[in-house]
Amino acid sequence: MIERMAGDEQGEEQKVSVQLAEWFGSSRKKTLGDLVETFGPRSFAILFVVLMALPALPLPTGAVSHVLEILTMLLALELMVGRTEVWIPRRFQDRELKGLSGPKFSQALVKRIRWFERFSRPRMAGLLQNRLMNMAFGAAVFGLALTAFLSPPFSGLDTLPSLGVVVLSLGVLLGDIVIAAVGLTIGVLGVVVVIGLGKAITKLFQH
């Protein structure tokens, strides 16, 4: 269960941005297994942030985004069935996150997280910690990641639902239901855009 929220901690060392920056800056391999070991009970949310940050960029990333979205959906399924700890097949635990651990990407991601931390407050953090809410969190992430996956390729329509996952997950990490609600709203808007514009693009190609 995602129990310890960074927003609840007073020390700078407890902030998500600080921990993630230290992890990116460490000399060890940046693998899925190591990320889970580093963040412990907060691993689900931090994995969603890291994996969906690339699809959330307003750039056509093609097949790379699809792989990340599939991984996100599989992890979300674990939350949906009530798991409290991340399970990763042994063969994938040592897979290095090469494209997501480069200095340019990691620095930009940490910078965005710091921006959210400046405005976050521990608002209704307890509500975000119970088992049913974790399952609902997983269902929301799964739906948004699936929408991003099914959006027309190279259209950029996967940006909003992916951004929704990132902001929603940050809200959970920071124990701030307001940020989580903003993320969910962005994601729902993204679903509406994908369905609406997706139909329009499909009709255009048909004609």
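The figures follow:
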{"read-out": "Counted residues, region 13-47 - those being in contact (Cβ under 8 Å) with a residue 60 or more places away in the chain and outside any helix (DSSP H, G or I)", "value": "4"}
{"read-out": "Flag for Glu69 being under 26 Å from Asn130 (Cα atoms) and either at pLDDT below 90 or in contact with a helix residue (DSSP H, G or I) (Cβ under 8 Å, 6 or more places away or on another chain) (or both)", "value": "yes"}
{"read-out": "Test for Ser106: is it modelled with pLDDT under 90 and in contact with a Phe, Trp or Tyr (Cβ under 6 Å, 6 or more places away or on another chain)", "value": "yes"}
{"read-out": "Tally, over region 40-66, of residues that are over 14 Å from the mean Cα position of the chain (by Cα) and hydrophobic (A, V, I, L, M, F, W, C)", "value": "3"}
{"read-out": "Failed item in (1) touching an Asp or Glu at 6+ places or on another chain (Cβ under 6 Å); (2) under 18 Å from Leu47 (Cα atoms), with Met135 passing the rest", "value": "(1)"}
{"read-out": "Single match in Gly175, Gly138, Gly171 (criterion: among the small types (Gly, Ala, Ser), over 30 Å from Leu197 (Cβ atoms) and out of contact with any His (no Cβ under 7 Å at 6 or more places or on another chain))", "value": "Gly175"}
{"read-out": "When residues of region 89-102 are limited to those that are in contact (Cβ under 8 Å) with a residue 40 or more places away in the chain and of a type outside the set (D, E, K, R), the one surrounded by the most Cβ atoms within 10 Å (Cβ to Cβ)", "value": "Leu97"}
{"read-out": "Residues being of a type in the set (S, T, N, Q) and in contact with a Phe, Trp or Tyr (Cβ under 7 Å, 6 or more places away or on another chain) - total across region 22-44", "value": "1"}
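The values are calculated or read from the model by the stated rules, or taken from the named source; none is laboratory data. Keep in mind that this is a model prediction, so the values were computed, not measured. Cβ atoms come from the backbone with ideal geometry, glycine included; neighbour counts cover every protein chain shown.
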